[in-house]
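Trainee: Just passing along the structure, written as structure tokens.
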Amino acid sequence: MTITRPHIDPTDSAAQPIYRLAGVAKTYQQKKRVVKPLTGVDLEIRGGDFVTIQGPTGGGKSTLLQLLGALDRPTSGRMTLGDTDLAGASNTALGAVRAREIGFVFQGFNLIPTLTASENVDMGLEPLGLDAAERRVRVADALAHVGLADRADHRPGELSGGQQQRVAIARAIAKRPRVLLADEPTGNLDESMRDEILDLLQALNDDGLTLIVVTHDSAVARRASRRLRLEKGTIRDITR
Amino acid sequence: MYLTYLRRELSGRTKQTAIVAAGLAIAIALVIIVNALTAGVRDAQTQALESVYGVGTDLTVAGAQQEPGEDGGSRFDFGEDGGATAEDGTTTLAQSQLRTDRGRTTLDAATVGTISALDGVSSATGALSLTNSTFSGELPEMPADGGTNAAGEAGSAPADDAPQGGGGFGGGSFDVDSFTVLGIDPAVQTVGPLSSVSVTDGRALDADDAGQNVAVLDATYATSNDLAVGGTVDVGGTAMEIVGLVSSSSSSTDTASNVYIPLDVAQSLAGVGDVVSTVYVQATTADGIAAVQSEIESAVPDATVSSQSDLASTVSGSLSSATSLITNLGTWLSILVLAVAVVLAVLFTMSGVSRRTREFGTLKAIGWSNGRVIRQVAGESMVQGLIGGAIGLAIGLGGILAINIIAPTISAAPAATEAGAGGGPGGGRFASTVQTATDITLSAPLTPWVLVAAVGLAVSAGLVAGAFGGWRAARLSPAEALRSVA
Ligand SMILES: Nc1ncnc2c1ncn2[C@@H]1O[C@H](COP(=O)(O)OP(=O)(O)OP(=O)(O)O)[C@@H](O)[C@H]1O
Ligand SMILES: [Mg+2]
């Protein structure tokens with residue numbers, strides 16, 4: 001239904017695109033039923049962008065974010081992050097990309113309940129093979145960055161939803177990723193907490209971090225520099 | 001960090017940790033206790049046999065079983081000169097008689113040489129087992145007036161601590177005292193009934209004692225009969241000088257015989273010629289025992305050849321039931337409990353991984369490798385195994401300690417001794433007062449091997465559970481992290 005347009009001009013922007021997607025499709029085979037959440041996505045995302053992806057429920061937003069986050073490979077199409085071919089990489093290579101280049105923030109925070117805030121942040125550094133001193137510095141920096149230096153020893157259960165999400169953001173940024181991906185990061189938060197998180201994300205973007213945020217919330221989309229809409233398996237730019 | 005996460009997960013999920021560890025602990029404790037008890041009954045069995053056959057004896061060769069009554073038996077036979085008549089008319093009788101065991105025929109002494117020469121035989125020695133019976137008593141003069149005189153004499157038995165006590169006989173009193181005598185080759189120390197004893201006083205018999213009237217006594221027998229080194233003991237009417245006392249080195253059990261004398265002396269006192277009743281054989285290697293056994297069987301066709309395991313099966317009494325209970329039921333029970341514990345650990349670990357799908361998905365999503373996730377899961381269940389192992393070890397050691405403190409006694413009756421000590425036709429069973437059932441204290445010895453094995457079992461049970469859990473965790477997709485919150 002969508003015409004694939006693999007032709008993308010890479011020189012139309014000052015900033016280097018970090019993501020390039022051309023004709024990306026994803027098909028899920030569920031028993032006899034075939035689901036095609038993405039049929040042909042052509043997209044470039046430049047460094048320093050604050051991108052939001054909106055769209056109807058079941059439209060494939062999370063699916064797209066999984067592909068961008070190197071959690072899964074597209075069924076067809078070309079897709080690169082920097083110099084890495086995400087469509088053809090091995091599981092191990094995808095794991096390495098996730099470990100070094102991508103920070104992930106989830107709707108449900110996904111903190112480990114038995115660990116303290118600083119230990120949770122440290123989990124994100126685990127695959128990098130840093131020495132203990134460097135890890136301590138990075139954990140403290142990240143927690144300070146999200147304004148939770150004084151809550152380092154609290155467990156998730158002892159923190160508010162907004163604070164938990166800030167710990168999750170600290171975990172994502174401690175590794176100093178190339179891009180921060182978030183799937184409905186404010187979906188489980190009330191309004192004041194939502195704004196707290198949005199302010200934080202905005203500040204991170206102002207520092208130069210590329211953000212790709214999937215959201216239903218137009219308040220989130222208002223903060224973005226670029227707004228995308230995913231519908232019927234393809235991406236449409238709705239930035240005015 | 002690895003350890004922090006591990007510790008937090010285990011302490012944060014105490015219930016699962018406790019159940020898995022408890023299951024393994026019970027299993028490990030059972031394995032330890034059953035193992036120690038198995039070793040304990042085996043020791044007891046060895047002890048029961050050693051007291052009779054000595055250590056290092058792999059095979060014994062005995063004469064063929066004999067029908068009771070075949071040799072006609074020998075009885076006390078008092079002739080005219082059998083006693084001394086006192087002035088009051090009472091006749092004091094005392095006669096010592098030495099004879100071979102009735103149950104079996106003897107073997108020609110040349111058999112020892114024949115067996116020694118066989119391939120695979122390291123050493124062999126013969127022994128002649130005899131029973132010395134002493135009849136002593138007083139016989140009053142036949143009273144003409146119907147025995148009123150006799151009434152005064154009744155009960156005035158000599159203050160001898162004879163086992164069977166005296167019996168009045170028409171006003172007289174008698175004592176039948178018997179003890180076992182083993183004629184041994186004094187030159188052979190390594191194999192045979194005296195190889196397992198320790199000398200508690202004096203010395204053991206040595207090569208120079210051949211032909212001498214010397215004896216070594218079982219320490220227990222000596223004590224109860226007020227005999228000591230330097231004194232004499234009457235064997236078959238001949239006074240033997242007591243040169244040493246021996247006791248069973250391994251246990252509370254008595255040694256094989258009450259009195260040990262040189263073989264040649266025993267042969268001549270008993271008047272049996274150059275024969276032995278048992279040949280004790282040591283094989284060169286443990287593997288060669290079966291071969292040596294069949295060699296001997298063909299070389300000495302009339303003899304009965306018994307191996308340690310044949311002998312072990314002859315041990316009766318509560319020891320044999322304890323042995324079968326522990327080695328059969330105990331082993332199966334511990335295998336069953338161990339299997340249940342492992343299955344439990346596997347199921348709990350698997351369901352634990354399922355419950356933590358989102359957690360492991362998240363860790364993968366933030367860059368953890370499969371290997372790292374598997375190590376986490378395996379590490380957690382291994383530590384659960386170790387905790388279970390440690391608790392199990394504590395319970396097991398406590399159980400062993402309890403058994404060793406209670407020190408239950410079990411009776412063991414090596415059948416071979418009974419055969420040797422049984423009374424002949426016409427005679428009572430008085431000879432069997434020595435060496436019948438021995439009470440052996442059951443101990444549960446602890447070997448370091450068991451500790452290592454227990455810890456190894458616990459760790460491998462943990463690893464098995466970890467392998468299943470890790471396998472499940474490895475198959476999780478990192479995309480699980482994005483699944484909507486439950
Ligand atoms: N692993 C999977 N296997 C099969 N089908 C899947 C899988 N993941 C997603 N889908 C299907 O793909 C479609 C898109 O799902 P996706 O989660 O990307 O939508 P979404 O836009 O994120 O929706 P929402 O706004 O509700 O989060 C849905 O129909 C979903 O059922
Ligand atoms: Mg979604």
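Trainee: What accessible area per residue, rounded to a whole number of Å², is obtained for region A:85-239 using a probe radius of 1.4 Å? Write out the running numbers ahead of the final one.
Mentor: Values: 6010 Å² over 155 residues.
Counting only protein heavy atoms, the per-residue value for region A:85-239 is 39 Å².
Trainee: Quick one: among A:GLN202, A:GLN163, A:GLN16, which has the greatest mean-square fluctuation in a GNM of chain A with alpha-carbon springs under 10 angstrom?
Mentor: Result: A:GLN16 has the largest fluctuation of those listed.
Trainee: At a probe size of 1.4 Å, how large is the accessible area of B:MET382, to the nearest 10 Å²?
Mentor: Ignoring ligands and nucleic acids, B:MET382 comes out at about 60 Å².
Trainee: Separate question: Under a Cβ-Cβ cut-off of 12 Å, what is the net charge of the residues other than B:GLY126 that fall near it, where Lys and Arg count +1 and Asp and Glu count -1? Don't skip to the answer; put the middle values down first.
Mentor: On the way: positive: none; negative: B:ASP108, B:ASP185, B:ASP264, B:ASP274.
Counting the neighbours of B:GLY126, the net charge comes to -4.
Trainee: Next question, about the same structure. Beyond 31 Å between alpha-carbons counts as too far, so tell me which of A:LYS31/A:LYS232; A:LYS175/A:LYS232; A:LYS32/A:LYS175; A:LYS31/B:LYS15; A:LYS61/B:LYS364; A:LYS36/A:LYS175 fall in that bin. Intermediate results must be reported in sequence, preceding the final value.
Mentor: Working: A:LYS31/A:LYS232 22 Å; A:LYS175/A:LYS232 35 Å; A:LYS32/A:LYS175 41 Å; A:LYS31/B:LYS15 37 Å; A:LYS61/B:LYS364 20 Å; A:LYS36/A:LYS175 33 Å.
Flagged as over cut-off: A:LYS175/A:LYS232; A:LYS32/A:LYS175; A:LYS31/B:LYS15; A:LYS36/A:LYS175.
Trainee: By accessible area of protein heavy atoms, probe 1.4 Å, what ranking do A:GLU158, A:GLU126, B:GLU297 get, highest first?
Mentor: Working: A:GLU158 110, A:GLU126 35, B:GLU297 80 Å².
Output order, biggest surface exposure first: A:GLU158, B:GLU297, A:GLU126.
Trainee: What whole number of Å gives the distance from the Cα centroid of region B:354-410 to the Cα centroid of region B:178-229?
Mentor: Cα centres, region B:178-229 to region B:354-410: 56 Å.
Trainee: What accessible area, in Å² to the nearest ten, does a 1.4 Å probe give for B:SER96?
Mentor: Spelled out: B:SER96, probe radius 1.4 Å, area about 30 Å².
Trainee: For chain A, find the longest principal axis of its Cα atoms and tell me its angle to the long axis of helix A:191-206, 0 to 90°, nearest 10.
Mentor: It works out to around 80 degrees.
Trainee: Please identify, among A:PRO156, A:PRO177, A:PRO113, the residue showing maximal mean-square fluctuation in a Gaussian network model of chain A using a 10 angstrom Cα cutoff.
Mentor: Of A:PRO156, A:PRO177, A:PRO113, the Gaussian network model singles out A:PRO113 as fluctuating most.
Trainee: Then there's this: Total Å² of accessible surface buried at the A-B contact, 1.4 Å probe, nearest 100?
Mentor: For A against B, buried area totals roughly 2100 Å².
Trainee: Accessible area drop of at least 30 Å² (1.4 Å probe, protein heavy atoms): which residues of region B:454-481 qualify, relative to the chain alone?
Mentor: Residues passing the criterion (a loss of at least 30 Å², heavy atoms only) are B:PRO478, B:ALA479.
Trainee: Anything losing 50 Å² or more of accessible area from the isolated chain to the full protein assembly: pick those residues out of region B:1-27, probe 1.4 Å, ligands and DNA/RNA ignored.
Mentor: Going by heavy-atom accessible area, the residues of region B:1-27 that drop by at least 50 Å² are B:MET1, B:ARG8.
Trainee: Now for a different question. Which residues of region A:123-140 show a drop of at least 30 Å² in accessible area when all protein chains are present, compared with their chain alone (probe radius 1.4 Å, heavy atoms only, ligands and nucleic acids excluded)?
Mentor: A:MET123, A:GLU126, A:PRO127
Trainee: Relative contact order, percent, of chain A when contacts are C-alpha pairs under 8 Å separated by at least 6 residues? Numbers along the way, then the final one.
Mentor: On the way: 462 pairs, mean separation 63.7, N = 240.
About 27 percent, as a whole number.
Trainee: Cβ under 12 Å from A:GLN54's Cβ, A:GLN54 left aside: what net charge do those residues give with Lys, Arg +1 and Asp, Glu -1?
Mentor: Details: positive: A:LYS61, A:ARG222, A:ARG226, A:ARG227, A:ARG229, A:ARG236; negative: A:GLU184, A:ASP217, A:GLU231, A:ASP237.
Neighbour charge sum, excluding A:GLN54 itself: +2.
Trainee: Hey, rough spin-label estimate for A:LYS36 and B:LEU325, points 7 angstrom out along Cα→Cβ, what's it come to in nanometres?
Mentor: 7.6 nm
Trainee: Sorted by mean Cβ packing within 10 Å, highest first, what order do the peptides A:94-101, A:78-85, B:34-41 take? Intermediate values should be presented prior to the final figure.
Mentor: Details: A:94-101: 20.2, A:78-85: 15.9, B:34-41: 22.6.
Top to bottom by mean Cβ count within 10 Å: B:34-41, A:94-101, A:78-85.
Trainee: Also, quick follow-up: Would you look at the GNM of chain A, springs on alpha carbons closer than 10 Å, and say which of A:LEU180, A:LEU64, A:LEU130 moves the most?
Mentor: A:LEU130
The values are calculated or read from the model by the stated rules, or taken from the named source; none is laboratory data. A quick note: this is a predicted structure, and the numbers were derived from the prediction, not measured. Note: ideal-geometry Cβ built from the backbone for every residue, glycine included; neighbour counts use all protein chains shown. The protein model used for the area step is the full one, side chains on, heavy atoms only, and it has no ligands, DNA or RNA in it. Shrake-Rupley method; radii C 1.70, N 1.55, O 1.52, S 1.80 Å.
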